1. Could you tell me whether the range 124-131 includes any residue that is over 30 Å from residue 240 (Cβ atoms), at pLDDT below 95 and either surrounded by fewer than 19 Cβ atoms within 10 Å (Cβ to Cβ) or out of contact with any helix residue (DSSP H, G or I) (no Cβ under 8 Å at 6 or more places or on another chain) (or both)?
2. Considering only the range 237-256, how many residues are over 19 Å from residue 181 (Cα atoms), at pLDDT below 90 and buried (at least 16 other Cβ atoms within 10 Å of the Cβ)?
3. How about the range 387-401: which of its residues are within 23 Å of the chain's Cα centre (by Cα) and under 15 Å from residue 210 (Cα atoms)?
4. Select from the range 185-203 the residues that are without any contact (Cβ under 8 Å) to a residue 60 or more places away in the chain and farther than 12 Å from residue 137 by Cα and write down the one among them that is nearest to the chain's Cα centre (by Cα).
5. Look at residue 219 and say whether it is touching a strand residue (DSSP E or B) at 6+ places or on another chain (Cβ under 6 Å) and either assigned by TED's automatic domain parsing to the domain that holds residue 313 or surrounded by fewer than 18 Cβ atoms within 10 Å (Cβ to Cβ) (or both).
6. Since residue 382 meets every condition but one in (1) modelled with pLDDT of 90 or more; (2) closer than 25 Å to residue 300 by Cβ, which condition does it not meet?
7. Being surrounded by 18 or more Cβ atoms within 10 Å (Cβ to Cβ), in a helix (DSSP H, G or I) and in contact with a helix residue (DSSP H, G or I) (Cβ under 7 Å, 6 or more places away or on another chain) is the filter here; which residues of the range 353-373 pass it?
8. Is it the case that some residue within the range 94-101 is assigned by TED's automatic domain parsing to the domain that holds residue 53, under 24 Å from the mean Cα position of the chain (by Cα) and more than 17 Å from residue 50 (Cα to Cα)?
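The values are calculated or read from the model by the stated rules, or taken from the named source; none is laboratory data. All values reported here derive from a predicted model rather than from experimental measurement. As a convention, Cβ positions derive from the backbone with ideal geometry for all residues, glycine included, and neighbour counts pool all protein chains shown.
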């Protein structure tokens, strides 16, 4: 049975927040050139290490090993093997491999315990979902890029993509998620990995604007959290803020509407499906997040969805000439234009979209083209400001209607 002794967790005394911060710092250093491999051997060894680490983490998740390890106590390998019906020798070898990356540890011989890093995958199961999606979907899809290109070139199959080859299916990820709730959950968890950094970047962009002259009623459309709303309301208590969440999004702070509404009378949460009419028609400011392309079957499907959302909200500017529309979108920057960490994030996201069947990159030119298409006869609506973040590949376009001139 598990021991009652507290795990010493030698060498892993850092708090979870510090570990997360250090991980981000290392990633940024890698993408900015400070720790890039300098030789073929170093590059290959790094690839092998990361591949084997991912395989070990998937193995731990597949057999639910992490859940059987007490959060603050150690457990013997033999006891863990009995609970999970997995050979103790395999557990031992895999744990000793992940321990080299700070994930699990051996506080004493033949015992295993959580580290501050590994325990987060138990306390927040969405991290484990994201991990499993990476191992089961992202990596196999990425490794089918060459085969997809070969079929596209040799057989003129422009409709085939790496995801379809990896899954041996003609369906897109979007369709597969509609049919498989577990896949939808894992894919959503994977997409939320960058949600916090994006929300912080959006909040900083919006906070730099002069809200005193914009009006007091704000509607945030296609939101995935209330983080930006809370931050802006804290800065300006006079704001009346409506957050319209996508119907497929589950609030991480699910108790928000039940408890915190009492203390935040100026903040209301709604559900709104894309392509539907905007029911809040008298707001001073609309923050429109462009739909996430990740769950669209193709670049064309994403463009259609974006155009529908743009038209629904540009119509409001036609009627209410004093309103402001702020478009918020993750865009692929021009090569070398932002800092290296920001471009690295954007390039990885773009490559993932390519592998999922998006043939056209979503860059600033693409966004402006969709905007022009949606404007149609709304020549009075113009872009009056453009804001970009130094920390995240997010762009904000501020649109207003020009006044009539006699």
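1. So far as the range 124-131 goes, no, none of its residues is over 30 Å from residue 240 (Cβ atoms), at pLDDT below 95 and either surrounded by fewer than 19 Cβ atoms within 10 Å (Cβ to Cβ) or out of contact with any helix residue (DSSP H, G or I) (no Cβ under 8 Å at 6 or more places or on another chain) (or both).
2. Residues meeting the conditions: 2.
3. Once the filter is applied, which keeps residues that are within 23 Å of the chain's Cα centre (by Cα) and under 15 Å from residue 210 (Cα atoms), the range 387-401 yields 387, 396, 397.
4. This residue is 195.
5. yes
6. Only one criterion is unmet by residue 382, namely (2).
7. Listed by number, the residues that qualify are 353, 355, 370, 371.
8. Taking every residue of the range 94-101 in turn, none turns out to be assigned by TED's automatic domain parsing to the domain that holds residue 53, under 24 Å from the mean Cα position of the chain (by Cα) and more than 17 Å from residue 50 (Cα to Cα).
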